């Protein structure tokens, strides 16, 4: 017997997460460093707040995107990514952050936090993810600055 795909639960969890992220863009409209560090904090604390929800999303996100939740999640992602790109563009135009691609920023900020969260959810991390907020936030910001250096040098 196959397990029913929890489409609504996954999409609602992701949409709530996206709203919180957009709130960070607004709250840190003039401070990209604080925003990037806040994004790291958000992901790690979001995982701790409700590990069952985090597991649900991690386990079913791709299946939801490939199946019955595709349209709704695609629309939600498109709006969210548009907000992210607009925030990044404003920061770069203001000279507060280097101009880097959305994909690079996403990888620098979220890939490490997702990996750490996965280890914690799997019982392979000795501390709670929030214990790593400061160093991982600093690393994400340093990565963004470093990723922009080759672009700035070539300008």
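A short reminder: the numbers here are calculations on the coordinates, not readings from a lab. Because the structure is a prediction, the values reported are computed rather than measured. Positions of Cβ are backbone-derived with ideal geometry, glycine not excepted, and every protein chain shown enters the neighbour counts.
Scanning the stretch 96-131 for residues that are touching a residue at least 24 places away in the same chain (Cβ under 8 Å) and more than 27 Å from residue 50 (Cα to Cα), we see that the one that is nearest to the chain's Cα centre (by Cα) is 104.
Condition check: without any contact (Cβ under 8 Å) to a residue 24 or more places away in the chain and farther than 22 Å from residue 137 by Cβ. Does residue 93 satisfy that? It is true that residue 93 is without any contact (Cβ under 8 Å) to a residue 24 or more places away in the chain and farther than 22 Å from residue 137 by Cβ.
I'm trying to understand the selection: among the residues of the stretch 96-105, which are in contact with a helix residue (DSSP H, G or I) (Cβ under 8 Å, 6 or more places away or on another chain) and in a helix (DSSP H, G or I)? Don't jump to the end; show me each part of the working.
Taking the stretch 96-105 first, the residues in contact with a helix residue (DSSP H, G or I) (Cβ under 8 Å, 6 or more places away or on another chain) are 96-100, 102, 104-105.
Residues satisfying the conditions are 102, 104, 105.
Residues that are without any contact (Cβ under 8 Å) to a residue 60 or more places away in the chain and surrounded by fewer than 18 Cβ atoms within 10 Å (Cβ to Cβ) within the stretch 25-41 comprise 26, 27, 34, listed in sequence order.
Counting only residues that are buried (at least 17 other Cβ atoms within 10 Å of the Cβ) and without any contact (Cβ under 8 Å) to a residue 60 or more places away in the chain, which one in the stretch 42-61 is nearest to the chain's Cα centre (by Cα)? Filtering the stretch 42-61 for residues that are buried (at least 17 other Cβ atoms within 10 Å of the Cβ) and without any contact (Cβ under 8 Å) to a residue 60 or more places away in the chain, the one nearest to the chain's Cα centre (by Cα) comes out as 42. For residue 81, the conditions (1) over 14 Å from the mean Cα position of the chain (by Cα); (2) over 18 Å from residue 145 (Cβ atoms); (3) surrounded by fewer than 20 Cβ atoms within 10 Å (Cβ to Cβ) all hold with the exception of (1).
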